[in-house]
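In what follows, a structure is listed as C-alpha coordinates, so that the remarks can point back to it.
The values are calculated or read from the model by the stated rules, or taken from the named source; none is laboratory data. If you're wondering where the values come from, they're calculated on a predicted model, not measured in any experiment. Ideal geometry is used to build each Cβ from the backbone, glycine not excepted, and the neighbour counts take in all protein chains shown. To get the accessible areas, we keep the full protein, side chains included, count just its heavy atoms, and leave off ligands, DNA and RNA. Shrake-Rupley method; radii C 1.70, N 1.55, O 1.52, S 1.80 Å.
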Amino acid sequence: LAKTTQPISMDSYEGQEVNITCSHNNIATNDYITWYQQFPSQGPRFIIQGYKTKVTNEVASLFIPADRKSSTLSLPRVSLSDTAVYYCLVGDRNNQGGKLIFGQGTELSVKP
Amino acid sequence: GAGVSQSPRYKVAKRGQDVALRCDPISGHVSLFWYQQALGQGPEFLTYFQNEAQLDKSGLPSDRFFAERPEGSVSTLKIQRTQQEDSAVYLCASNLGPLYEQYFGPGTRLTVT
(Lines give C-alpha, C1' and ligand atoms only; values in the text may rest on other atoms or scores of the structure.)
Protein backbone atom coordinates (compact mmCIF):
# COMPACT_ATOMS: atom_id res chain seq x y z
CA LEU A 1 0.00 0.00 0.00
CA ALA A 2 1.27 3.45 -0.89
CA LYS A 3 2.77 5.46 1.94
CA THR A 4 1.74 9.07 2.37
CA THR A 5 3.64 12.07 3.70
CA GLN A 6 1.90 15.21 4.88
CA PRO A 7 2.82 18.11 7.19
CA ILE A 8 2.37 17.33 10.85
CA SER A 9 0.72 20.65 11.61
CA MET A 10 -0.56 23.84 10.00
CA ASP A 11 -1.92 27.11 11.31
CA SER A 12 -4.46 29.35 9.63
CA TYR A 13 -6.86 32.17 10.36
CA GLU A 14 -10.60 32.32 9.94
CA GLY A 15 -11.69 33.17 6.41
CA GLN A 16 -8.48 32.01 4.75
CA GLU A 17 -8.17 29.23 2.21
CA VAL A 18 -6.13 26.29 3.48
CA ASN A 19 -4.25 23.90 1.23
CA ILE A 20 -2.83 20.67 2.66
CA THR A 21 -0.53 18.77 0.35
CA CYS A 22 0.10 15.05 0.59
CA SER A 23 2.91 13.15 -1.14
CA HIS A 24 2.37 9.58 -2.31
CA ASN A 25 5.23 8.77 -4.67
CA ASN A 26 4.48 5.05 -4.84
CA ILE A 27 0.80 5.30 -5.69
CA ALA A 28 -0.43 2.35 -7.74
CA THR A 29 -2.69 2.36 -10.77
CA ASN A 30 -5.73 1.10 -8.84
CA ASP A 31 -5.25 3.42 -5.87
CA TYR A 32 -7.67 6.19 -5.00
CA ILE A 33 -6.84 9.21 -2.84
CA THR A 34 -9.16 9.85 0.09
CA TRP A 35 -9.19 12.48 2.83
CA TYR A 36 -10.75 12.08 6.26
CA GLN A 37 -11.22 14.66 9.02
CA GLN A 38 -11.13 13.87 12.73
CA PHE A 39 -12.23 16.06 15.63
CA PRO A 40 -11.15 15.28 19.20
CA SER A 41 -13.10 12.46 20.81
CA GLN A 42 -14.78 11.56 17.53
CA GLY A 43 -14.18 9.02 14.80
CA PRO A 44 -12.82 10.14 11.44
CA ARG A 45 -15.26 11.53 8.90
CA PHE A 46 -15.00 11.19 5.11
CA ILE A 47 -14.34 14.47 3.31
CA ILE A 48 -13.54 13.73 -0.31
CA GLN A 49 -12.14 11.13 -2.68
CA GLY A 50 -10.58 11.30 -6.12
CA TYR A 51 -8.57 9.44 -8.71
CA LYS A 52 -7.23 12.18 -10.96
CA THR A 53 -7.61 15.87 -11.88
CA LYS A 54 -10.01 17.78 -9.66
CA VAL A 55 -12.91 16.81 -7.46
CA THR A 56 -15.13 19.30 -5.64
CA ASN A 57 -17.94 18.87 -3.16
CA GLU A 58 -19.74 21.14 -0.73
CA VAL A 59 -16.93 20.87 1.80
CA ALA A 60 -13.62 20.84 -0.08
CA SER A 61 -11.74 20.45 -3.33
CA LEU A 62 -9.14 17.86 -4.16
CA PHE A 63 -6.47 18.58 -6.74
CA ILE A 64 -4.50 15.70 -8.23
CA PRO A 65 -1.76 16.34 -10.83
CA ALA A 66 -1.33 14.09 -13.84
CA ASP A 67 1.45 11.99 -12.29
CA ARG A 68 -0.72 11.41 -9.18
CA LYS A 69 2.34 11.46 -6.93
CA SER A 70 0.80 14.12 -4.75
CA SER A 71 -2.56 15.65 -3.99
CA THR A 72 -3.81 18.84 -2.36
CA LEU A 73 -6.86 19.20 -0.18
CA SER A 74 -8.25 22.72 -0.38
CA LEU A 75 -10.59 24.08 2.29
CA PRO A 76 -12.15 27.40 1.28
CA ARG A 77 -12.67 30.12 3.89
CA VAL A 78 -11.97 28.05 7.01
CA SER A 79 -13.71 28.70 10.30
CA LEU A 80 -12.78 27.81 13.87
CA SER A 81 -14.83 24.63 13.54
CA ASP A 82 -12.45 23.35 10.86
CA THR A 83 -9.79 22.85 13.53
CA ALA A 84 -9.14 19.12 13.31
CA VAL A 85 -6.71 16.46 12.12
CA TYR A 86 -6.82 15.77 8.38
CA TYR A 87 -5.69 12.42 7.03
CA CYS A 88 -4.61 11.65 3.49
CA LEU A 89 -5.10 8.00 2.53
CA VAL A 90 -4.12 6.13 -0.59
CA GLY A 91 -5.32 2.65 -1.41
CA ASP A 92 -7.17 0.25 -3.65
CA ARG A 93 -10.84 0.47 -2.75
CA ASN A 94 -11.34 -3.14 -3.74
CA ASN A 95 -8.42 -4.50 -1.74
CA GLN A 96 -9.41 -6.34 1.42
CA GLY A 97 -12.73 -4.61 1.69
CA GLY A 98 -11.23 -1.20 1.21
CA LYS A 99 -9.60 -1.10 4.63
CA LEU A 100 -8.11 2.28 5.40
CA ILE A 101 -4.42 2.85 6.09
CA PHE A 102 -3.97 6.07 8.05
CA GLY A 103 -0.76 8.02 8.51
CA GLN A 104 -0.14 10.54 11.24
CA GLY A 105 -2.29 13.25 9.67
CA THR A 106 -2.05 17.04 9.62
CA GLU A 107 -3.25 18.89 12.67
CA LEU A 108 -4.89 22.08 11.41
CA SER A 109 -5.38 24.89 13.89
CA VAL A 110 -7.66 27.76 12.83
CA LYS A 111 -7.32 30.93 14.85
CA PRO A 112 -9.70 33.91 15.14
CA GLY B 1 -30.90 7.95 10.64
CA ALA B 2 -28.68 6.71 13.43
CA GLY B 3 -24.97 6.50 12.88
CA VAL B 4 -22.51 3.93 14.13
CA SER B 5 -22.70 3.56 17.89
CA GLN B 6 -20.18 2.06 20.26
CA SER B 7 -20.39 1.06 23.89
CA PRO B 8 -19.08 1.66 26.39
CA ARG B 9 -17.59 5.04 25.49
CA TYR B 10 -15.01 4.68 28.25
CA LYS B 11 -13.64 1.58 29.89
CA VAL B 12 -11.07 1.25 32.64
CA ALA B 13 -9.67 -2.22 33.16
CA LYS B 14 -7.09 -3.60 35.51
CA ARG B 15 -4.19 -5.35 33.89
CA GLY B 16 -5.13 -8.95 33.26
CA GLN B 17 -8.88 -8.39 33.00
CA ASP B 18 -10.92 -9.29 29.94
CA VAL B 19 -12.94 -6.59 28.15
CA ALA B 20 -15.65 -6.62 25.49
CA LEU B 21 -16.32 -3.64 23.26
CA ARG B 22 -19.52 -3.40 21.26
CA CYS B 23 -20.23 -1.86 17.88
CA ASP B 24 -23.65 -1.25 16.36
CA PRO B 25 -23.16 -0.44 12.67
CA ILE B 26 -25.54 1.49 10.47
CA SER B 27 -28.46 -0.76 9.53
CA GLY B 28 -27.91 -2.49 6.22
CA HIS B 29 -24.17 -1.94 6.12
CA VAL B 30 -22.49 -5.07 4.90
CA SER B 31 -18.92 -4.26 5.88
CA LEU B 32 -17.61 -3.60 9.37
CA PHE B 33 -14.11 -2.60 10.42
CA TRP B 34 -12.30 -2.25 13.71
CA TYR B 35 -9.38 0.16 14.17
CA GLN B 36 -7.12 0.97 17.10
CA GLN B 37 -5.93 4.53 17.67
CA ALA B 38 -3.10 5.28 20.06
CA LEU B 39 -2.75 8.78 21.47
CA GLY B 40 -1.46 11.21 18.85
CA GLN B 41 -1.47 8.62 16.07
CA GLY B 42 -3.74 7.78 13.19
CA PRO B 43 -6.10 4.81 13.44
CA GLU B 44 -4.62 1.41 12.66
CA PHE B 45 -6.62 -1.36 11.01
CA LEU B 46 -7.40 -4.39 13.15
CA THR B 47 -9.98 -6.53 11.36
CA TYR B 48 -12.72 -6.55 8.69
CA PHE B 49 -16.04 -8.34 8.35
CA GLN B 50 -18.27 -8.78 5.35
CA ASN B 51 -21.62 -9.73 6.83
CA GLU B 52 -20.75 -12.39 9.43
CA ALA B 53 -17.55 -13.51 7.75
CA GLN B 54 -14.27 -12.22 9.12
CA LEU B 55 -12.30 -11.76 5.91
CA ASP B 56 -9.22 -10.03 7.26
CA LYS B 57 -7.78 -10.14 10.75
CA SER B 58 -4.23 -9.31 9.81
CA GLY B 59 -4.14 -6.24 12.05
CA LEU B 60 -5.00 -7.94 15.33
CA PRO B 61 -1.85 -7.45 17.45
CA SER B 62 -1.96 -10.74 19.31
CA ASP B 63 -4.09 -13.80 19.95
CA ARG B 64 -5.52 -11.98 22.96
CA PHE B 65 -7.65 -9.99 20.52
CA PHE B 66 -10.77 -11.60 19.13
CA ALA B 67 -13.63 -10.14 17.12
CA GLU B 68 -16.96 -11.55 16.08
CA ARG B 69 -20.08 -10.54 14.19
CA PRO B 70 -22.27 -13.63 14.47
CA GLU B 71 -25.42 -12.34 12.78
CA GLY B 72 -23.85 -9.90 10.39
CA SER B 73 -24.87 -6.81 12.31
CA VAL B 74 -23.57 -6.06 15.83
CA SER B 75 -19.90 -6.80 16.40
CA THR B 76 -17.89 -7.35 19.56
CA LEU B 77 -14.16 -6.89 19.98
CA LYS B 78 -12.85 -8.86 22.91
CA ILE B 79 -9.46 -8.40 24.51
CA GLN B 80 -8.31 -11.05 26.93
CA ARG B 81 -5.81 -10.50 29.73
CA THR B 82 -5.47 -6.80 28.97
CA GLN B 83 -2.03 -5.21 29.06
CA GLN B 84 -1.06 -1.57 29.45
CA GLU B 85 -0.09 -1.36 25.78
CA ASP B 86 -3.73 -2.12 24.89
CA SER B 87 -4.71 1.34 26.17
CA ALA B 88 -6.09 3.16 23.13
CA VAL B 89 -9.28 4.28 21.44
CA TYR B 90 -11.00 1.47 19.58
CA LEU B 91 -12.95 2.67 16.58
CA CYS B 92 -15.60 0.82 14.64
CA ALA B 93 -16.64 1.73 11.10
CA SER B 94 -19.18 0.38 8.64
CA ASN B 95 -20.14 0.85 5.02
CA LEU B 96 -22.25 -0.56 2.23
CA GLY B 97 -19.26 -2.22 0.61
CA PRO B 98 -15.69 -1.68 -0.61
CA LEU B 99 -16.46 1.21 -2.94
CA TYR B 100 -18.25 3.28 -0.30
CA GLU B 101 -17.03 5.68 2.36
CA GLN B 102 -16.67 4.34 5.85
CA TYR B 103 -18.77 5.76 8.67
CA PHE B 104 -17.03 5.75 12.02
CA GLY B 105 -18.43 5.52 15.50
CA PRO B 106 -17.20 7.75 18.35
CA GLY B 107 -14.88 5.06 19.66
CA THR B 108 -14.32 3.36 23.01
CA ARG B 109 -11.46 4.72 25.06
CA LEU B 110 -9.82 1.82 26.90
CA THR B 111 -7.46 2.54 29.75
CA VAL B 112 -5.60 -0.37 31.30
CA THR B 113 -4.17 0.36 34.74
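Numerical summary
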{"read-out": "Neighbourhood charge, 15 Å Cβ-Cβ cut-off, centred on B:V12 and excluding it, Lys, Arg +1 and Asp, Glu -1", "value": "+3"}
{"read-out": "Relative contact order for the stretch A:9-111, counting Cα pairs under 8 Å that sit 6 or more residues apart, in percent", "value": "37"}
{"read-out": "Whole-number accessible area per residue in Å² for the stretch A:20-103, which is evaluated in the context of all protein chains at 1.4 Å", "value": "46"}
{"read-out": "The stretch B:7-43 versus the stretch A:3-55: alpha-carbon centroid distance in Å", "value": "24"}
{"read-out": "Heavy atoms of A:K52 accessible to a 1.4 Å probe, total area in Å² rounded to 10", "value": "120"}
{"read-out": "Rounded D (µm²/s) - chain B, Kirkwood Rh over Cα pairs, Stokes-Einstein at 20 °C, 1.002 mPa s", "value": "154"}
{"read-out": "Cross-link reach list, lysines versus A:K52, counting only Cα pairs under 29 Å and skipping chain neighbours closer than eight places", "value": "A:K3, A:K69, A:K99"}
{"read-out": "Mean projection area, nm², convex hull over Cα of the protein assembly as shown", "value": "12.3"}
{"read-out": "Averaged over B:37-43, number of beta-carbon atoms from partner chains that fall within 10 Å", "value": "5"}
{"read-out": "Solvent-accessible heavy-atom area per residue, rounded to whole Å², over the stretch B:5-108 at 1.4 Å", "value": "48"}
{"read-out": "Portion, in percent, of the accessible area of chain A that falls on carbon or sulfur, probe 1.4 Å", "value": "47"}
{"read-out": "Area hidden from solvent between B and A (accessible, protein heavy atoms only, 1.4 Å, total, Å²)", "value": "1600"}
{"read-out": "Percent RCO, i.e. relative contact order, over the stretch B:5-108, from Cα pairs under 8 Å lying at least 6 residues apart", "value": "36"}
